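Colleague: Would you mind keeping the following structure in view while I ask a few things?
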Amino acid sequence: MNVRYIRWAILGIIVVASLILNYLHITLGNVFPSVHAICPLGGLENLQVWMSGHANLQKLFSGTMTLLFLSLGFTIIFGRAICGNICPFGAIFEFIGKIYPKHFSVSEKYDLLLRVLKYIILVIVIAMAWITASIWISPYDPYVAYAHIWSGAEILNENGIGLFILVVVLLVSLVNTRFFCKYLCPAGAMFGIFSLISPTKVTRIDCMECGKCAKSCPMGIDPGRKTVKNTTECVGCTTCVEVCPSKTPVISMTFAGKKVQSLLFVVGTVCIFLGAIALLNTVGLMQVTVPSLESVQQGGNYLNLIDLKGSMTIEEGATYVGMSLEDFYTMMDIPVTVPGSIKLNEIKNYVPDYDFHAMKAK
Ligand code: SF4
Ligand code: SF4
């Protein structure tokens, strides 16, 4: 079977799985991870606060850091294969690009300038996250908007701008495949930087220069050319290898100079990445949701105050940190008139200047 179809089938399954996971998170709450907790970029936004005391930003968990380190290590070995073969958002843009037959490409000069944009966005996202100690980009992030499409009209309040950007990049992707990945995605920029030292490359030797590989590349690059752009932009999708009409093999995926079959590369990278996540989850290093109250009580593994989430009620918060309700009210400076069934991030509805996140940090 054609490797391209197998890859599209894998990406299709990942997109459907991401939609189901997002739906479960929206409808059933924190039992299922939020998109923030399972995005490697979230780990980078969290890095500064995590390093300063092993705390985590709101909506992020220790498992988000594990995911960051796993993703970066994986990228150092396999290049941007996460973008090409695993990321559901990138897959959606690639699928959308197949709907409309006519595509436009940006001229070489503007293409290079636009590609720099995502690195600038990466710097802004990280700087603002570290300065504000929050996931600052969230309201403007089209990936967050995509993950909240099940929220109905509520999405307009929380992610209205992100939704607008999402619609725009989806429409542009109709005529310019993976426009978002090429020019705007800060996670892609992060992976691009780390892929510079990866031994995984597309290698092309003297060929008839028919140009089919470059035309088919969803990232709009000319595969096999030794340029920084080609190194940082290749997402390891193997499309260029598969479309080459040459009878003798002139283009291939290579790892440390050794040829790797396209099918092995695509299936292998997906299995290794998802297998590593499953393994880390089994040994308890991939915690991306709030543990259940029962498991906290039974195991006595109480949370630190800093790890409390705004979606917990006051009563749950006290139980999660192993305090009496009375002590918790005192510690968190919550007036006793606020009922214990109120969520921590809704205390401000009773006490206007109450800031739960500032209080727990204090
Ligand atoms: S560039 Fe961003 S959206 Fe595109 S595949 Fe990579 S991580 Fe996903
Ligand atoms: S160069 Fe080849 S493997 Fe890399 S992104 Fe383009 S088509 Fe995919």
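Colleague: Let me confirm something: among GLY63, GLY79, which residue is closer than 30 Å to GLY284 by Cβ, away from ligand 1 (no atom under 16 Å from the Cβ) and surrounded by 17 or more Cβ atoms within 10 Å (Cβ to Cβ)?
Modeller: Values: GLY79 fails: away from ligand 1 (no atom under 16 Å from the Cβ).
Answer to the selection: GLY63.
Colleague: Next question. Select from segment 163-191 the residues that are of a type in the set (Gly, Ala, Ser) and either touching a strand residue (DSSP E or B) at 6+ places or on another chain (Cβ under 6 Å) or more than 14 Å from GLY220 (Cβ to Cβ) (or both) and list them in ascending order.
Modeller: Step one: list which residues in segment 163-191 are of a type in the set (Gly, Ala, Ser), which gives 173, 187-189.
ALA187, ALA189 - these are the residues of segment 163-191 that are of a type in the set (Gly, Ala, Ser) and either touching a strand residue (DSSP E or B) at 6+ places or on another chain (Cβ under 6 Å) or more than 14 Å from GLY220 (Cβ to Cβ) (or both).
Colleague: Hey, another quick one. Taking LEU44 and the conditions (1) crowded, with 18+ Cβ neighbours inside 10 Å; (2) within 16 Å of ligand 2 (Cβ to nearest atom); (3) more than 20 Å from GLY12 (Cα to Cα), which numbered condition does it fall short on, given that it satisfies the others?
Modeller: Status for LEU44: all satisfied but (2).
Colleague: If you don't mind, there's one more thing I want to ask. Condition check: in contact with a helix residue (DSSP H, G or I) (Cβ under 9 Å, 6 or more places away or on another chain), part of a helix (DSSP H, G or I), in contact (Cβ under 8 Å) with a residue 12 or more places away in the chain and under 23 Å from THR66 (Cα atoms). Does PHE328 satisfy that? Write out each step before concluding.
Modeller: Details: in contact with a helix residue (DSSP H, G or I) (Cβ under 9 Å, 6 or more places away or on another chain): yes; part of a helix (DSSP H, G or I): yes; in contact (Cβ under 8 Å) with a residue 12 or more places away in the chain: yes; under 23 Å from THR66 (Cα atoms): no.
Against the criterion (in contact with a helix residue (DSSP H, G or I) (Cβ under 9 Å, 6 or more places away or on another chain), part of a helix (DSSP H, G or I), in contact (Cβ under 8 Å) with a residue 12 or more places away in the chain and under 23 Å from THR66 (Cα atoms)), PHE328 does not qualify.
Yes/no matrix, rows are residues, columns are (1) over 30 Å from ASN345 (Cα atoms); (2) of a type in the set (Lys, Arg); (3) under 14 Å from the mean Cα position of the chain (by Cα):
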residue: ASN46; (1), (2), (3): no, no, yes
residue: TRP50; (1), (2), (3): no, no, no
residue: ALA55; (1), (2), (3): no, no, no
residue: MET65; (1), (2), (3): no, no, yes
residue: LEU68; (1), (2), (3): no, no, yes
residue: SER71; (1), (2), (3): yes, no, yes
residue: GLY79; (1), (2), (3): yes, no, no
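Colleague: So is GLY300 over 25 Å from PHE69 (Cβ atoms), more than 16 Å from ligand 1 (Cβ to nearest atom), touching a residue at least 60 places away in the same chain (Cβ under 8 Å) and not assigned by TED's automatic domain parsing to the domain that holds TRP8 or not? Give the steps one after another, and end with the answer.
Modeller: Details: over 25 Å from PHE69 (Cβ atoms): yes; more than 16 Å from ligand 1 (Cβ to nearest atom): yes; touching a residue at least 60 places away in the same chain (Cβ under 8 Å): no; not assigned by TED's automatic domain parsing to the domain that holds TRP8: yes.
No.
Residue by residue, here is whether (1) surrounded by 14 or more Cβ atoms within 10 Å (Cβ to Cβ); (2) closer than 20 Å to VAL106 by Cα; (3) within 11 Å of ligand 2 (Cβ to nearest atom) holds:
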site	(1), (2), (3)
LEU163	yes, no, no
CYS207	yes, no, no
GLY211	no, yes, no
ASP222	yes, yes, yes
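Colleague: Can we say LEU70 is touching a Pro at 6+ places or on another chain (Cβ under 9 Å), of a type in the set (A, V, I, L, M, F, W, C) and surrounded by fewer than 22 Cβ atoms within 10 Å (Cβ to Cβ)?
Modeller: On the way: touching a Pro at 6+ places or on another chain (Cβ under 9 Å): yes; of a type in the set (A, V, I, L, M, F, W, C): yes; surrounded by fewer than 22 Cβ atoms within 10 Å (Cβ to Cβ): yes.
In short, yes.
Colleague: Consider GLY152 carefully, then state whether it is surrounded by fewer than 19 Cβ atoms within 10 Å (Cβ to Cβ), small (Gly, Ala, Ser) and within 15 Å of ligand 2 (Cβ to nearest atom).
Modeller: no
The values are calculated or read from the model by the stated rules, or taken from the named source; none is laboratory data. Note that the coordinates shown come from a computational prediction; the quantities given were computed from them, not determined experimentally. Quick reminder, even Gly has a Cβ in these numbers, built from the backbone with ideal geometry, and neighbours come from all protein chains shown.
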